[in-house]
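What follows is a short report on a single structure.
The values are calculated or read from the model by the stated rules, or taken from the named source; none is laboratory data. Quick caveat: nothing in here was measured; it's all calculated off a predicted structure. Neighbour counts are summed over all protein chains in view; Cβ atoms, including those assigned to glycine, are modelled from backbone coordinates with ideal geometry. The area values use the complete protein model at the heavy-atom level, side chains included, leaving out ligands, DNA and RNA. Shrake-Rupley method; radii C 1.70, N 1.55, O 1.52, S 1.80 Å.
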Amino acid sequence: MTSHQRLVSALRTLLAAAALAGPPAIACAHQSLYAAMGGTKVVARFVSQTIDKVAADPRLNQSFRDVDLARVKRELTSYICQLAGGGCKYTGIPIRAVHANLGITQAQFYGLVQILRHQMRANHVDLRDRNRLLALLAPLEPQVVDVRVPPPKRKD
Amino acid sequence: MNRPAAACLAACIATGTMLTAAAAATVRFRVVDFAGKPIKDAIVYAVPDTPLPPAKPRTAIIDQVNRQFVPQINVVQVGTYVDFPNSDNILHSVYSFSPAKTFVLRLYAGKTEPPVRFNKPGIVVMGCQIHDTMIAWLLVVKTPYFGKTNAAGLLVLHHLRAGRYRMHAWDVSMRKVTASRPLVVTAGGPPRQITFTLKAGRMPRHGPTMPGMSAGMGMQ
């Protein structure tokens, strides 16, 4: 087992555990996950730091070549806001369409997840809230990793 | 037979005159910078003072290949459709805020989009909202007499009808203006040679800035 396979396996266990754990028994009924993480101020910050680190990492940044990172940060923050009950409506491009034919590997996907975990921790997001967000993001894997769409058939 | 000649033939038949070789002229253009070095991919076009009969709409292609527009520098006649075939088959969001044509065209993997029609003259600068190093120019001109210089800075325009023209030359570094001067084409005689001297520069590395777009992200 290579180190990256070990990492993927560990992260999968973690995500599965986070998903199984469900909502904590004493969750604040009126507070969303988004608010619990610190709202836009904190989320926009850890998203920005995550994207910068991924884009600077030669093992992970293949799909980010020439990409407008400021836009990615805005869109991802908005997406997380919607996903985590922050009251946003994500008006961006569907996740699968964004990633189609970029050749993103599973290692790259989990590499980003790993950096995201670190940046959430660095921004003092609770372990419980970190796991809740990862559990919400985990089902995106099939819409991100190795999404292949054949070219359209042209009439001419 | 190329299009200007075909247009002339149709017009000449319509007015009951004969098409003769002497009715059209050839003009050779050379575009150089102030150091005398040839400028490649400069656009030259000659607009007749007397408008020509409307041309049948054509379709040009600006492709997306390896996260770049191909070609980056383009010229078409007013009314032309431009197809964006998206050969790299990844998501692009082509946009322009140029007054001559404002549009956003989402190109999704696996899908085709109808071509975009350019029916106002002017300079259209295009970018991609996803890939900020993508940039392309499209000059939309009121004439069928146009072309792009080769590596030697040369371009030949054929079949110009005798008459008065305003000729223009443009290099990407000139952004939104063209250099222009009058031209009188007389039928017959040897081909005219015209040299344009332009201030050439580097192509910008990033797409046009998007006024008001940075706020539009759905955060409420």
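When peptides B:193-200, A:130-137 are ranked by their average number of other Cβ atoms within 10 Å per residue, the highest-first order is A:130-137, B:193-200. Taking amide H atoms as placed 1.01 Å from N in the peptide plane, the amide H of B:R161 lies under 5 Å from those of B:A25, each 5 or more residues away in sequence or on another chain. Decide, for the stretch B:25-198, between rounded, prolate and oblate: order the square roots of the alpha carbon gyration tensor eigenvalues as a ≥ b ≥ c, take rounded if a/c falls under 1.5, and otherwise choose prolate if a/b is larger than b/c, else oblate. Taking the square roots of the gyration eigenvalues as a ≥ b ≥ c, the stretch B:25-198 is prolate.
In whole percent, and with a 1.4 Å probe on the protein chains, what portion of the accessible area of the stretch B:25-198 is carbon and sulfur?
54 percent
Summing charges over neighbours of B:I194, with a neighbour being any other residue whose Cβ is under 10 Å away from its Cβ, gives +4 when K and R count +1 and D and E count -1.
Converting phi to 3J(HN,Hα) with the Karplus coefficients 6.51, -1.76 and 1.60 and the offset θ = phi - 60°, the stretch A:104-112 yields 6, 8, 4, 4, 5, 4, 6, x, 5 Hz in sequence order, with x at every glycine or proline.
Which of the three applies to the stretch A:71-145, rounded, prolate or oblate, going by the alpha-carbon gyration tensor with a ≥ b ≥ c and a/c under 1.5 meaning rounded? Walk me through the intermediate numbers first.
Numbers: a/c = 1.92, a/b = 1.20, b/c = 1.60.
It is oblate, given that a/c is not under 1.5 and a/b is not larger than b/c.
Candidate cross-link partners of B:K101 among the aspartates and glutamates, defined by an alpha-carbon separation under 16 Å and a same-chain spacing of 8 or more, comprise B:D83.
Exceeding 26 Å between C-alpha atoms, which entries from my cross-link table qualify? They are B:K148/B:K176; B:K120/B:K176; B:K111/B:K176; B:K142/B:K176; A:K53/B:K111. Where the Cα-Cα span goes over 26 Å, the pairs concerned are B:K111/B:K176; A:K53/B:K111. Remark: accessible area buried at the B-A interface is about 2300 Å², both chains counted, probe radius 1.4 Å.
Computed on protein heavy atoms with a 1.4 Å probe, the accessible areas place B:E113, A:E141 in the order B:E113, A:E141, largest first.
Over all other residues within a Cβ to Cβ distance under 13 Å of B:L107, the charged ones net out to -1, with Lys and Arg as +1 and Asp and Glu as -1. Computed from the C-beta positions of B:N150 and B:K199, the FRET efficiency with R₀ = 22 Å rounds to 0.65.
Under a 5 Å amide H cut-off, with hydrogens placed 1.01 Å from N, B:S87 pairs with B:Q64 among residues at least 5 apart or on other chains.
Rank by packing, highest mean first: peptides A:143-151, B:92-100, with packing defined as the count of other Cβ atoms within 10 Å averaged across residues. Mind dumping the intermediate values first?
Values: A:143-151: 15.1, B:92-100: 19.3.
For the peptides A:143-151, B:92-100, the packing ranking is B:92-100, A:143-151.
On average, how many beta carbons from a partner chain sit within 10 Å of the beta carbon of a residue in A:71-82? Don't skip to the end; give the middle numbers.
Values: counts 9, 1, 1, 6, 4, 0, 2, 4, 1, 0, 3, 3.
Taking all residues of A:71-82 together, the mean is 3.
Residues of A:90-101, mean number of Cβ from any other protein chain within 10 Å of their own Cβ, rounded to a whole number?
Details: counts 3, 5, 2, 6, 2, 0, 3, 7, 5, 3, 7, 6.
Neighbouring Cβ atoms belonging to other protein chains average 4 per residue here.
Neighbouring Cβ atoms from other chains, within 10 Å of the Cβ of residues in B:63-70, number 1 on average.
What's the local net charge at A:A44, with K and R +1, D and E -1, over the other residues with C-beta under 9 Å away? The partial results should precede the final answer.
Numbers: positive: A:K41, A:R45, A:K73, A:R74; negative: none.
For residues surrounding A:A44, the net value is +4.
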